[in-house]
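Notes follow the structure.
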Amino acid sequence: REGCRRRNRRIVLMMSAQRGRVLSTEPDGTTMARLSADYAGTVEALDAGVGRILEALNRNHIADDTMIVFANDHGGTPPARFAPLSGRFSQLFEGGIRVPLIVQWTNVLPGGAVYQQPASLLDLAPT
């Protein structure tokens, strides 16, 4: 904790959420229900984890000076919805490669801005 309070200290934290994939379909059609429950559980756990991180940043008074990045590394898999994009995970259509990139950096970026230019997570790395 003490290290977090020093203004000139840089901290990098990456939280990665993964979920398993169901590869077979049950004869009674329950695969999609199980996959949907798994997906919902992953989203709930991700939300709780991000909330704990944001609380810690606020508690240590460093949230305003911290760049927070929320991104995905590839397109979704069912039951995610891709419309109006074509394609999904493992495909080179927009639904497979166009993913969210949300950045909060309170003292640097204006809140609520939307940029239409393509970006890559490599754009965030120091050069």
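Structural descriptor for segment 56-127: relative contact order 30 percent, calculated from alpha carbon pairs under 8 angstrom and at least 6 residues apart. For segment 91-108, 3J(HN,Hα) computed residue by residue from phi via the Karplus equation (6.51, -1.76, 1.60; θ = phi - 60°) reads 10, 8, 7, 4, x, x, 10, 8, 10, x, 9, 10, 10, 10, 8, 3, 7, 10 Hz, glycine and proline entered as x. Quick one: plug the Kirkwood hydrodynamic radius of segment 35-96 (C-alpha pairs) into Stokes-Einstein at 25 °C, 0.890 mPa s, and report D in µm²/s. For these conditions, the coefficient is 177 µm²/s. Give me the percent of the accessible area of segment 42-127 that comes from carbon and sulfur atoms, probe 1.4 Å, all protein chains in place. Its accessible area is 58 percent carbon and sulfur atoms. In terms of packing, defined here as the mean over residues of other Cβ atoms within 10 angstrom, the peptides 39-52, 109-122, 87-100 line up highest first as 87-100, 39-52, 109-122.
The values are calculated or read from the model by the stated rules, or taken from the named source; none is laboratory data. Note that the coordinates shown come from a computational prediction; the quantities given were computed from them, not determined experimentally. Here Cβ is always computed from backbone atoms with ideal geometry, including for glycine, and neighbour counts include all displayed protein chains. Ligands, DNA and RNA are stripped out before the accessible areas are found, and what is left, the full protein with its side chains, is counted by its heavy atoms. Shrake-Rupley method; radii C 1.70, N 1.55, O 1.52, S 1.80 Å.
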